[in-house]
Amino acid sequence: MWWIIGTCANLVVAIAYLAIAGVIIVPLARERQVRSNRLGTATAAIFLTCAVHHGGHTVKALLPFLHSWQTLGLNVSTGLYTRLSWDPEAVVWDVLTAAVGLYYLRRHA
């Protein structure tokens, strides 16, 4: 059960963080400040890499269901081990991270 909540929370984090990266980088690109505003660009990059990381957790946990991805050499056992890694503490942190991401989007997007 914990893996289901953890997978859902990581999916929300991935989507929210990808959206936050967009909220940050689009205005910088529009104003041609991607190179001059290094802090803003780095912040967008942090959110983008976190989105990919949490998205990876989601994909790994779903691997046993994604038969087409298995043809790419992704191992089902990886997904099973990912599922086992979610304990109550990890899930609580993932849910809180998702909540913070959604809160940010609600306030700034």
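The values are calculated or read from the model by the stated rules, or taken from the named source; none is laboratory data. Keep in mind that what you see is a predicted model, and the values were worked out from it rather than measured. With ideal geometry, Cβ positions are generated from the backbone for all residues, glycine too; neighbour counts draw on all protein chains shown.
List the pairs whose first member sits in region 49-77 and is within 21 Å of Ile5 (Cβ to Cβ) and part of a helix (DSSP H, G or I), whose second member is at pLDDT 90 or above and polar (S, T, N, Q), and whose Cβ atoms are under 6 Å apart, counting only residues at least 6 apart or on separate chains? Every condition considered, the pairs that remain are His54/Asn10; His57/Asn10; Thr58/Thr7; Thr58/Asn10; Ala61/Thr7. Looking for something out of contact with any strand residue (DSSP E or B) (no Cβ under 8 Å at 6 or more places or on another chain) and at pLDDT below 95 - is there at least one such residue anywhere in region 39-56? Yes, some residue in region 39-56 is out of contact with any strand residue (DSSP E or B) (no Cβ under 8 Å at 6 or more places or on another chain) and at pLDDT below 95.
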